[in-house]
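Mind having a look at this structure? Questions to follow.
The values are calculated or read from the model by the stated rules, or taken from the named source; none is laboratory data. Worth saying up front: this structure is predicted, and the values here are computed from it rather than measured. Quick reminder, even Gly has a Cβ in these numbers, built from the backbone with ideal geometry, and neighbours come from all protein chains shown. Areas reflect the complete protein model, heavy atoms only, side chains present, ligands, DNA and RNA absent. Shrake-Rupley method; radii C 1.70, N 1.55, O 1.52, S 1.80 Å.
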Amino acid sequence: QVQLVESGGGLVQAGDSLRLSCTTSRRTYAMAWFRQAPGKEREFVAAVTWTDRSTAYADSVKGQFTISTDNAKNTVYLQMNSLKPEDTAVYYCAAGGAMGRGDYWGQGTQVTVSS
């Protein structure tokens with residue numbers, strides 16, 4: 001079993017930055033962030049592998065969000081810059097055996113961007 005603990009969400013204004021953190025109790029092959037906006041399905045945001053730090057991003061966040069890891073702390077980060085109201089969502093951390101796959105999920109952290 002893998003336990004994921006997220007932090008870093010909050011209420012910010014458009015144009016601000018936030019950094020989400022997720023600490024895992026055990027490493028799997030990859031980690032990912034997903035988000036779910038009100039009334040919408042959960043969508044993939046970004047993923048990274050522990051070994052070579054390969055990354056993948058949704059087109060909607062390329063150049064705006066950066067995913068990274070601190071292997072010593074078993075922690076993955078999502079740096080979110082130039083936030084927009086449409087980035088408002090609950091952000092979920094996921095651990096999985098493949099890039100972008102969520103075998104284990106965090107509890108979610110709310111990000112709200114006001115205009």
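Inside the chain, counting only strands (runs of 3 or more DSSP E) that do not spill past its ends, which hold 2 or more residues that are touching a residue at least 60 places away in the same chain (Cβ under 8 Å)? It would help to see each step written out before you state the result.
Values: elements: 4-7, 10-13, 18-24, 30-36, 43-49, 55-57, 65-70, 75-80, 89-96, 109-114.
Qualifying strands (runs of 3 or more DSSP E): 4-7, 10-13, 18-24, 30-36, 75-80, 89-96, 109-114.
Within segment 80-111, can you find the residues that are closer than 19 Å to L11 by Cα, surrounded by 15 or more Cβ atoms within 10 Å (Cβ to Cβ) and out of contact with any helix residue (DSSP H, G or I) (no Cβ under 9 Å at 6 or more places or on another chain)?
Within segment 80-111, the first condition is being closer than 19 Å to L11 by Cα, and the residues that meet it are 80-93, 107-111.
Narrowing further to those that are surrounded by 15 or more Cβ atoms within 10 Å (Cβ to Cβ): 80, 83, 87-93, 108-109, 111.
Listed by number, the residues that qualify are L83, T88, A89, V90, Y91, Y92, C93, G108, T109.
Can you name the residue in segment 50-79 that is over 13 Å from the mean Cα position of the chain (by Cα) and of a type in the set (S, T, N, Q) and, of all such residues, is most open to solvent (accessible area, probe 1.4 Å)?
T51
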